[in-house]
Amino acid sequence: GFDPGFPCRFYLNLPQEGMAAMYGAADLFVSAERRAGWSNTAAEAAACGLPLVCTKSGTGDFAIDGRNAIVIPRRNGSLLRKAVKRIYDEPGLGEAMGRESAEIMKAFTWEKVCDRMERDFRGFLTAAVRAGARIARGEYGTLQSSVWHMLDRLVVSDPNREPRFFASPDFAERNSPV
């Protein structure tokens with residue numbers, strides 16, 4: 001059987017009303033996703049104040065290595081076990097990371113996420129209008145180059161990191177109208 005070397009409990013098909021109690025009874029949350037866009041369970045656990053042991057997959061927006069999580073580079077049982085053991089062995093580490101998890105997740109309320117999306121879409125539309133004006137003035141050689149320019153101006157906001165650009169930032173630097 002499976003023996004991770006520490007106490008653990010697995011849940012399957014837990015009803016919604018039992019989720020907060022489950023997270024509240026836990027000391028930490030482990031997420032070893034391979035390919036995920038967003039890990040709801042890890043986000044829920046973080047919002048409930050749990051430290052995370054996870055891969056980057058599905059948690060990249062809210063799991064910050066050394067702050068609220070121990071992020072391992074790949075799905076690997078030995079690395080997961082070492083990370084879990086570290087949280088149990090270092091006094092206060094889990095509690096401090098758990099507090100940080102709850103704080104970080106405050107940036108992901110519906111209102112805040114919608115505000116960021118609206119700001120990003122407005123920025124994209126502004127870039128599209130500027131690029132359209134440049135096309136009309138004949139400043140872009142092809143429609144393809146104008147599309148790349150618009151993508152380069154689309155900044156994705158992330159409350160925990162510097163802005164990231166789609167496509168290549170150097171293209172935007174060479175071709176930016178602003």
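The values are calculated or read from the model by the stated rules, or taken from the named source; none is laboratory data. Keep in mind it's a predicted model, so treat the numbers as computed, not measured. Using ideal geometry, Cβ is built from the backbone for each residue, glycine included, and neighbour counts are taken over all protein chains shown. We work out accessible area using only protein heavy atoms, side chains counted, and drop any ligands, DNA or RNA first. Shrake-Rupley method; radii C 1.70, N 1.55, O 1.52, S 1.80 Å.
Look at (1) open to solvent by 50 Å² or more (accessible area, probe 1.4 Å); (2) at pLDDT 85 or above and you find that Arg164 fails only one, number (2).
Considered as a group, the residues in the stretch 38-68 that are outside any loop (DSSP other than H, G, I, E, B) and not small (Gly, Ala, Ser) include one that is farthest from Ala102 (Cα to Cα), and that residue is Thr55. Hey, among the residues in the stretch 97-111 that are touching a residue at least 40 places away in the same chain (Cβ under 8 Å) and hydrophobic (A, V, I, L, M, F, W, C), which one's surrounded by the most Cβ atoms within 10 Å (Cβ to Cβ)? Per the criteria, the residue is Met97.
On the given criteria, is Asp27 out of contact with any strand residue (DSSP E or B) (no Cβ under 8 Å at 6 or more places or on another chain) and charged (D, E, K, R)? Yes; evaluated as a whole, the condition is true for this residue.
Screening Tyr88 with (1) open to solvent by 60 Å² or more (accessible area, probe 1.4 Å); (2) in contact (Cβ under 8 Å) with a residue 40 or more places away in the chain; (3) part of a loop (DSSP other than H, G, I, E, B) gives one miss only, at (3). Selection over the stretch 91-114 of residues that are closer than 20 Å to Glu33 by Cα and in a loop (DSSP other than H, G, I, E, B) gives a count of 0.
Would you be able to say whether some residue in the stretch 55-63 is open to solvent by 60 Å² or more (accessible area, probe 1.4 Å) and touching a residue at least 60 places away in the same chain (Cβ under 8 Å)? No, that holds for no residue.
Exactly one residue out of Ala20, Ala69, Ala46, Ala36 is in contact with a Cys (Cβ under 7 Å, 6 or more places away or on another chain), surrounded by 13 or more Cβ atoms within 10 Å (Cβ to Cβ) and either under 18 Å from Phe108 (Cβ atoms) or of a type outside the set (A, V, I, L, M, F, W, C) (or both): that is Ala69. Only residues that are of a type in the set (Val, Ile, Thr), modelled with pLDDT of 65 or more and surrounded by 15 or more Cβ atoms within 10 Å (Cβ to Cβ) were counted across the stretch 112-157, and they come to 1.
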